[in-house]
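The values are calculated or read from the model by the stated rules, or taken from the named source; none is laboratory data. Note that the structure is predicted; figures quoted are calculated from it, not measured. Cβ coordinates were reconstructed from backbone atoms using ideal geometry, including for glycine residues, and neighbour counts include every protein chain displayed. Each accessible area value is taken on the protein alone, full model and side chains, heavy atoms only, with ligands, DNA and RNA left out. Shrake-Rupley method; radii C 1.70, N 1.55, O 1.52, S 1.80 Å.
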Amino acid sequence: MTHTVEKIGGTSMSRLDRLRDTLFMENGSARYGRVFVVSAFSGITNLLLEHKKTGEAGVYAHYANADDEHGWHDALSRTAEAMIAAHEAVLDNPGDVERATAFVQERIEGARNCLIDLQRLCSYGHFRLNTHLLQVRELLSGLGEAHSALVSTLMLQRAGVNARLLDLSGWRDDSELTLEQRIGRAMDGVDPSREMPIVTGYAQCSEGLMREFDRGYSEVTFSRLAALTGASEAIIHKEFHLSSADPKLVGAENVRKLGHTNYDVADQMANLGMEAIHPSAAKTLRQAGVPLRIANAFEPEDPGTIIDEQPAEKPRVEIVTGLDIIALELFEQDMVGVKGYDAAILDALTRHNVRIVSKISNANTITHYVDASLKSMRRVESDLSALYPQARISAHKLALVSVIGRDLSGLQTLARGMQALSAAGLEPLGACQGPRNVDTQFILDRSDRSVAIRSLHAAFVEDSEAGFALVA
């Protein structure tokens, strides 16, 4: 049968009880023909690994650093308490709460014993903890999604839905399976027309999802599941609409719901940290010919925004967004006509895991705009200074603001953007537009980012007659 594969993010999962009668059910009846991939409850993965934004240590970070023997034990206990509090907030049947609590205790203590054994093993000289840290990260990640999937299944079953838990986390499973094999084995015999599969966002597999995708693993599982099962559509339920800018920045009354865009725009958004979907997951869906829909979980009647490969019907600006960056500039007077500088800089950036957002160069200067910490940049500067002692190397905190659309041809976004910024009293430090006409970038002082986004959004979206549908 035709089915959809749908993913629910962590913030929405924490309001799971509110979604039961609107997202999973309709008029008291289950809406079958749908496979759900669930994330961990909000904040749980931060507690298990480390805080995604602040970097505050979670269980993994405490265990990996091992500065305090009791640090990771305490962090694991705090995580268990948070997991129990999360399901107590959404489950209303005492028996379901008891079962979910027992599940948490069994998994948490199992993980604790495993980590203790690993520590004991690595106390011998022949074994090194750092060679096992990736597996530790995978083990801990799977705890959050396994918990949320069980809680979702219990809640739906209590409401009369024929929900079925599909745990891909590989808990106590000694088989060596690829991601495709694990998904195939789990889906064997599943009939979405009569049951509602609830699938863990984390999947244990021989490729090791954390190695390449780290915290983006749930979207990779989601996209691969949609592609392998031939889903008619892949849907991500968020707590907001995919809109033309951050509503908190430009005002909820001024943003526009996109409604329809393509994977090219999604890639540009991801490059600036405004991820609709992980780029690797988007690639999987695009190559499989599966359209992606971004929907508001709390407005199930709204169709949201569809992302496919269709070109724009007419040129228009769809999104204005920005990112704090660091400009790494290498100036060498004798660079002109000499090869190798570019490759050496790229090698240093790659070695220190620095993500490049954009780049510009001239006869004797190469500037990379990167998304990285100053600590990482100091290491890059040190490497390049040793390689090119005569060069002048510097790093500056800046911001990049981008105007994005499927087709910007004829809109004069570069000239009009400069005018809009000038009218707002801003002086860009740089600007560029490629020949593909999908984005125009403006480089500014970091303190000017918010004003620049508001000014460009007002000029290209709010004053536009492009036909955006207002976000409800």
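With respect to the stated conditions, A466 is modelled with pLDDT under 95, touching a strand residue (DSSP E or B) at 6+ places or on another chain (Cβ under 7 Å) and part of a loop (DSSP other than H, G, I, E, B).
The set of residues from the stretch 78-105 being free of Cβ contacts under 8 Å to residues at least 12 places away in the same chain and small (G, A, S) comprises A85, G95, A102. Can you find, within the stretch 296-308, the residue that is nearest to R406 (Cα to Cα) among those that are in contact with a strand residue (DSSP E or B) (Cβ under 7 Å, 6 or more places away or on another chain), open to solvent by 10 Å² or more (accessible area, probe 1.4 Å) and modelled with pLDDT under 95? Restricting to residues being in contact with a strand residue (DSSP E or B) (Cβ under 7 Å, 6 or more places away or on another chain), open to solvent by 10 Å² or more (accessible area, probe 1.4 Å) and modelled with pLDDT under 95, the top hit is D308.
State yes or no: is E180 in a loop (DSSP other than H, G, I, E, B), farther than 24 Å from L16 by Cβ and in contact (Cβ under 8 Å) with a residue 12 or more places away in the chain? Spelling it out, it is not the case that E180 is in a loop (DSSP other than H, G, I, E, B), farther than 24 Å from L16 by Cβ and in contact (Cβ under 8 Å) with a residue 12 or more places away in the chain.
All conditions in (1) open to solvent by 20 Å² or more (accessible area, probe 1.4 Å); (2) assigned to a strand (DSSP E or B); (3) of a type in the set (S, T, Y) hold for T261, with the sole exception of (1). Put simply, of S152, S148, S141 the only residue that is within 31 Å of the chain's Cα centre (by Cα), polar (S, T, N, Q) and farther than 25 Å from W72 by Cα is S152. Taking the stretch 192-225 only, how many residues are outside any helix (DSSP H, G or I) and touching a residue at least 40 places away in the same chain (Cβ under 8 Å)? Result for the stretch 192-225: 13. Give the residue that is least open to solvent (accessible area, probe 1.4 Å), with candidates limited to residues of the stretch 142-199 that are within 23 Å of E219 (Cα to Cα) and among the acidic types (D, E). Filtering first and then ranking leaves E145.
Residue count for the stretch 309-333, restricted to those that are open to solvent by 30 Å² or more (accessible area, probe 1.4 Å), under 28 Å from A234 (Cβ atoms) and among the acidic types (D, E): 2.
The set of residues in the stretch 421-444 being within 31 Å of the chain's Cα centre (by Cα) and of a type in the set (A, V, I, L, M, F, W, C) consists of L421, L429, A431, C432, V438, F442, I443, L444. On the given criteria, is A288 open to solvent by 10 Å² or more (accessible area, probe 1.4 Å) and small (G, A, S)? Judged against the criteria, A288 is a match.
If the condition is being in contact with a Leu (Cβ under 9 Å, 6 or more places away or on another chain) and surrounded by fewer than 20 Cβ atoms within 10 Å (Cβ to Cβ), then the stretch 10-28 contributes D17, R20, M25.
Name the residue that is farthest from the chain's Cα centre (by Cα), counting only residues in the stretch 344-359 that are surrounded by 16 or more Cβ atoms within 10 Å (Cβ to Cβ) and not in a loop (DSSP other than H, G, I, E, B). Here the residue is I345. Taken as a whole, the structure leaves S141 outside the set of residues that are in a loop (DSSP other than H, G, I, E, B), among the hydroxyl-bearing types (S, T, Y) and at pLDDT below 95. I'd like to check something: does the stretch 74-81 contain any residue that is touching a Gly at 6+ places or on another chain (Cβ under 7 Å), open to solvent by 30 Å² or more (accessible area, probe 1.4 Å) and farther than 22 Å from D167 by Cβ? Taking every residue of the stretch 74-81 in turn, none turns out to be touching a Gly at 6+ places or on another chain (Cβ under 7 Å), open to solvent by 30 Å² or more (accessible area, probe 1.4 Å) and farther than 22 Å from D167 by Cβ. Taken over the stretch 324-343, the residue count meeting the criterion of being in contact with a helix residue (DSSP H, G or I) (Cβ under 6 Å, 6 or more places away or on another chain) and either in a helix (DSSP H, G or I) or more than 22 Å from A399 (Cβ to Cβ) (or both) is 1. Confirm whether D445 is of a type outside the set (A, V, I, L, M, F, W, C), farther than 17 Å from A312 by Cα and free of Cβ contacts under 8 Å to residues at least 12 places away in the same chain. No.
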